[in-house]
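The values are calculated or read from the model by the stated rules, or taken from the named source; none is laboratory data. It should be emphasised that the depicted structure is a prediction, and the values quoted were computed from it without experimental measurement. Here the Cβ positions follow ideal geometry from the backbone for every residue, glycine too, while neighbour counts run over all protein chains shown. To get the accessible areas, we keep the full protein, side chains included, count just its heavy atoms, and leave off ligands, DNA and RNA. Shrake-Rupley method; radii C 1.70, N 1.55, O 1.52, S 1.80 Å.
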Amino acid sequence: MKQLSTKVTSNAHGQDSSYFLGWEEYEKNPYDEIKNPNGIIQMGLAENQLCFDLIQTWLAKNPDAAGLKKDGQSIFKELALFQDYHGLPEFKKALAEFMEEIRGNRVTFDPSKIVLAAGSTSANETLMFCLAEPGEAFLLPTPYYPGFDRDLKWRTGAEIVPIHCSSSNGFQITESALQQAYQQAQKLDLKVKGVLVTNPSNPLGTMLTRRELNLLVDFITSKNIHLISDEIYSGSVFGFEQFVSVMDVLKDKKLENSEVSERVHVVYSLSKDLGLPGFRVGAIYSNDEMVVSAATKMSSFGLVSSQTQYLLSALLSDKKFTGTYLNENQKRLKIRQKQLVSGLEAAGVTCLKSNAGLFCWVDMRHLLDTNTFEAELELWKKIVYEVKLNISPGSSCHCTEPGWFRVCFANMSEETLDLAMQRLKEYVESTDSRRLISKSSHERIKSLRKRTVSNWVFRVSWTDRVPDER
Amino acid sequence: MVALTAEKQDQNLLSRMAAGDGHGEKSAYFDGWKAYEENPFHPIDRPDGVIQMGLAENQLCGDLMRKWVLEHPEASICTAEGVNQFSDIAIFQDYHGLPEFRQAVAKFMEKTRNNKVKFDPDRIVMSGGATGAHETVAFCLANPGDGFLVPTPYYPGFDRDLRWRTGVNLVPVTCHSSNGFKITAEALDAAYENARVSNIPVKGLLITNPSNPLGTTLDRDCLKSLVKFTNDKGIHLIADEIYAATSFGESEFISVAEVIDEIPDCNSDLIHIVYSLSKDMGLPGLRVGIVYSYNDRVVQIARKMSSFGLVSSQTQHLIAKMLSDEDFVDEFIRKSKLRLAERHAELTTGLDGLGIGWLKAGAGLFIWMDLRNLLKTATFDSEMELWRVIVHKVKLNVSPGGSCHCHEPGWFRVCFANMDYQTMETALERIRVFTSQIEEESLILTKPMAKKKKCWQSSLRLSFKDTRRFEEGFFSPHSPVPPSPLVRAQI
């Protein structure tokens, strides 16, 4: 239809991928403990639902903030009129301090370098508009969050070139992988403008090591390009090791006020750490004045609601609350993650050792019929339709090795997680016994499935899909 | 830092979009904002400060809004009455939006169109204010290099919203004061031809109805002819109806939604409405923008794009509750129109008394003031000179027509719905003093060597003996939240 733009007629929004198709199935048959106990359990949703009680308690103790009041007086009118794209000063200050607290107060964030955005979805897109021309590229380590295909490329025209990471070293970024990706971009005639990493990683749940961070900073220094560090899960770290931000590394390398520091940008959001994805609170932090200036103007296209800014400025300014919350959040995430890991182990399934995020990167390679992505999708279909668990296949995250799946744990009750693991265990046990079927019939079925799976995977989805699930 | 910046541009470290001026904020007219911010008027603390008349905000019914919010704590997910909904709302990020939100907005849109037409909640797509809505529509309907026709004068923010990140062009449809700035078939054809000659494929026509900055509404015949024009050419019609409920005059507001059914074989796939609660309800801070399209594919894709500017679920919840209170909504709309009419009358009566012309109009939050006879020459340079005097000497921040791409110099947009009665009186008094000083000077000049008509180059001293009583609870520059300086070019 020539009357619509190519952005509409193409599928570059990326929502026809299996990652989003799994959603459809879940929506048709969602699990409910009472109403639909045989429904599909949602494990493809990286949400943190473990700490709402803490926020609700805080609200009960803070009626002014809760009621959009100051000193007992309603300030609703003033908030209703406030649309300054610089944002509420108290909110940016509180956000800066919260980001510092998450990093153990080892680094400082200047509120004037924060640009608010409508979620990190908008923050990432805005940064792309500022740093890349259409046709220019950013390097991203695989596997990566499927939403990046939309957020970074769709309306900006930018390209993503993968930095291939493998299970042989726990999917860590190596120098050779970086160089290879850079060369690949050049072969494709794509000018590389930067590297974008998610740290802690989605979907891996691991944190970048100091070695990797140093490697990245050295790499962007030598190539004179940007580094975007999406640190959306920085407050969701629960292991013994502390989170190391790219800002820590800049400080350690004494690059804080250098030209290089102007090419390092951090993206943040309150959607994961605080469990508030509905509020659409994202932020860009940049040492580059021009980026801050341009991004601030662009934020007009997605400002944060003033009532939300006001509420959160009060919440995050309460240091007693933030300290308690971050601590308690970590504890609860750790317990829940352990529960998932043990449940997987009982089913004979291992996962990548991780200590951050709201998910585990699960190794189901041994359950594949063949070491192919077709087999991965076959397995995934079974898990969705038969085991009734919506999990995310590694291929949707651009993983180079088939057989890995992202499984979320922070968006359900303990009982539901138990049930999910029970179902998985039963499936694996039944699969083990089914593997004793004759090989010939197995081969026949496999070749049939190969064809039908390909058709099914690539069909265009014309219905709307829920977005934004990391 | 400047040297470093130049170096950065040389190395192309930043995109042209970031390094360039496509955001439109380098225009000279932002001086008016600065003058206001450096010296904002306050009746007691700063009686000589600049009065903000460049801000199209509807502040006249803030008291009704506040009262409703206080009386309905359940509309908040944070109060004791509403906190049981906190977690469900806080995790809700579905880009379809809360169903109750869409239903309430659809109902509100119907009420603001006098219930003459139905809106389907499933066609309502959220966006980051009308700013976000316009950009989304441009991304959906046009490719970089394509163009939209826009009647002049138009809202300056369109230059940014429709063009900056989309690469789309705006082609002016020139309107003239000789016929009250109405859009004529000749002007449309001329614009279409200009686009063709410039190799700009025209993808649509964007109208703002009621108009910003004119405050006029399109009559039924004109609206129908615009729909027919766009249908015939196979291009889109985008109707920005952000001021729908601000129509207070005799001529009623007619939405494009109403005329669709009146046109035989109308291709509604080409019709789209942009809306927002920023003006009609006076809630710009809550960022509630709406794309309403009759084209299913556009609805689908705009919805996916809305991920880049969803309405905060906390706000959706509040708005859903508020707009479902039909008694409140009816009362609000009624009172808002009355108060707008009153404030408009105060301003225009005052201007009439001073012999200052203004375009007859019955909607919007501003008037289109005619100061052509105060220009030294009929040029935009002259208009800018006059404007600087108005800002710096008369101390009124108004918006010069040139910034709205008006074809003729000498017109100014003057907002009236963001101040109380006393401030309005102060503004009128200043204008009175200004015009009388011009009279005096032109009389002096006519005696010895009368060549110039009216001259405003003398310095104007303002003196006020009385401090006006400040209306309690109205727009206070000393509110705990800083007053909206509004650097975003909404003028």
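Data table
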item: Output for the stretch A:1-27, where each listed residue is in a helix (DSSP H, G or I), modelled with pLDDT of 75 or more and among the small types (Gly, Ala, Ser); result: A:GLY22
item: Filter result for B:LYS107 (part of a loop (DSSP other than H, G, I, E, B), within 26 Å of the chain's Cα centre (by Cα) and basic (Lys, Arg)); result: no
item: Selection within the stretch A:30-46 - surrounded by 15 or more Cβ atoms within 10 Å (Cβ to Cβ) and farther than 26 Å from A:CYS399 by Cα; result: A:TYR31, A:GLY39
item: Which numbered condition A:VAL267 misses (of (1) farther than 28 Å from B:TYR95 by Cα; (2) among the hydrophobic types (A, V, I, L, M, F, W, C); (3) in contact with an Asp or Glu (Cβ under 8 Å, 6 or more places away or on another chain)); result: (1)
item: Members of the stretch B:299-333 that are in a helix (DSSP H, G or I), within 7 Å of chain A (Cβ to nearest Cβ) and without any contact (Cβ under 8 Å) to a residue 60 or more places away in the chain; result: B:GLN300, B:THR315
item: Qualifying residue in the stretch A:319-326 (condition: open to solvent by less than 10 Å² (accessible area, probe 1.4 Å) and under 25 Å from A:LYS69 (Cα atoms)); result: yes
item: Residue match in the stretch A:350-371 (condition: open to solvent by 10 Å² or more (accessible area, probe 1.4 Å), among the small types (Gly, Ala, Ser) and not in a helix (DSSP H, G or I)); result: yes
item: Filtered residues of the stretch A:70-87 (kept if more than 7 Å from chain B (Cβ to nearest Cβ) and either open to solvent by less than 10 Å² (accessible area, probe 1.4 Å) or aromatic (Phe, Trp, Tyr) (or both)); result: A:GLY87
item: Wholly within the stretch A:207-300, helices (runs of 4 or more DSSP H) carrying at least 1 residues that are open to solvent by less than 10 Å² (accessible area, probe 1.4 Å), within 14 Å of chain B (Cβ to nearest Cβ) and touching a residue at least 40 places away in the same chain (Cβ under 8 Å); result: A:210-223, A:289-298
item: Only listed residue being open to solvent by 10 Å² or more (accessible area, probe 1.4 Å) and in contact with a helix residue (DSSP H, G or I) (Cβ under 6 Å, 6 or more places away or on another chain), chosen from B:SER268, B:SER312, B:SER251, B:SER307; result: B:SER268
item: Selection within the stretch A:48-67 - within 18 Å of A:GLU415 (Cα to Cα) and buried (at least 20 other Cβ atoms within 10 Å of the Cβ); result: A:ASN48, A:LEU50, A:CYS51
item: Cβ-Cβ under 9 Å pairs, at least 6 apart or on other chains, the stretch B:282-298 side within 16 Å of B:LEU141 (Cβ to Cβ) and more than 8 Å from chain A (Cβ to nearest Cβ), far side surrounded by fewer than 24 Cβ atoms within 10 Å (Cβ to Cβ) and among the aromatic types (Phe, Trp, Tyr); result: B:TYR292/B:PHE119
item: Qualifying residue in the stretch B:188-201 (condition: in a loop (DSSP other than H, G, I, E, B) and closer than 20 Å to B:PRO153 by Cβ); result: no
item: Test for A:LYS7: is it touching a His at 6+ places or on another chain (Cβ under 9 Å), closer than 24 Å to A:GLY147 by Cβ and either more than 7 Å from chain B (Cβ to nearest Cβ) or of a type in the set (D, E, K, R) (or both); result: yes
item: Number of the exception - B:ASP159 against (1) assigned to a loop (DSSP other than H, G, I, E, B); (2) in contact (Cβ under 8 Å) with a residue 40 or more places away in the chain; (3) open to solvent by 10 Å² or more (accessible area, probe 1.4 Å); result: (1)
item: Qualifying residues in the stretch B:86-102 (those that are touching a strand residue (DSSP E or B) at 6+ places or on another chain (Cβ under 9 Å) and part of a helix (DSSP H, G or I)) - the one surrounded by the most Cβ atoms within 10 Å (Cβ to Cβ); result: B:PHE101
item: Residues (within 12 Å of chain A (Cβ to nearest Cβ) and touching a Phe, Trp or Tyr at 6+ places or on another chain (Cβ under 8 Å)) located in the stretch B:162-191; result: B:LEU162, B:ARG165, B:THR166, B:VAL168
item: Looking only at the stretch B:45-66, and only at residues there that are open to solvent by 20 Å² or more (accessible area, probe 1.4 Å) and either more than 9 Å from chain A (Cβ to nearest Cβ) or among the aliphatic types (A, V, I, L, M) (or both), the one that is farthest from B:ALA363 (Cα to Cα); result: B:ASP45
item: Residues of the stretch A:109-146 satisfying the condition of being surrounded by fewer than 23 Cβ atoms within 10 Å (Cβ to Cβ) and of a type in the set (Gly, Ala, Ser); result: A:SER112, A:GLY135
item: Residues located in the stretch A:94-106, provided they are open to solvent by less than 10 Å² (accessible area, probe 1.4 Å) and of a type outside the set (Gly, Ala, Ser); result: A:LEU95, A:PHE98, A:MET99, A:ARG103
item: Single unsatisfied condition, A:GLY72 versus (1) over 24 Å from the mean Cα position of the chain (by Cα); (2) on the phi < 0 side of the Ramachandran plot; result: (2)
item: Of all residues making up the stretch B:110-149, the number that are free of Cβ contacts under 8 Å to residues at least 60 places away in the same chain, part of a helix (DSSP H, G or I) and crowded, with 24+ Cβ neighbours inside 10 Å; result: 2
item: Residue within the stretch B:380-395 that is hydroxyl-bearing (Ser, Thr, Tyr), in contact with a Phe, Trp or Tyr (Cβ under 7 Å, 6 or more places away or on another chain) and either at pLDDT 95 or above or under 25 Å from B:ARG343 (Cβ atoms) (or both) present; result: no
item: Test for A:ASN38: is it in contact (Cβ under 8 Å) with a residue 24 or more places away in the chain and within 12 Å of another protein chain (Cβ to nearest Cβ); result: no
item: Count - residues of the stretch B:166-187 that are in contact with a helix residue (DSSP H, G or I) (Cβ under 8 Å, 6 or more places away or on another chain), surrounded by 18 or more Cβ atoms within 10 Å (Cβ to Cβ) and more than 30 Å from B:MET17 (Cβ to Cβ); result: 2
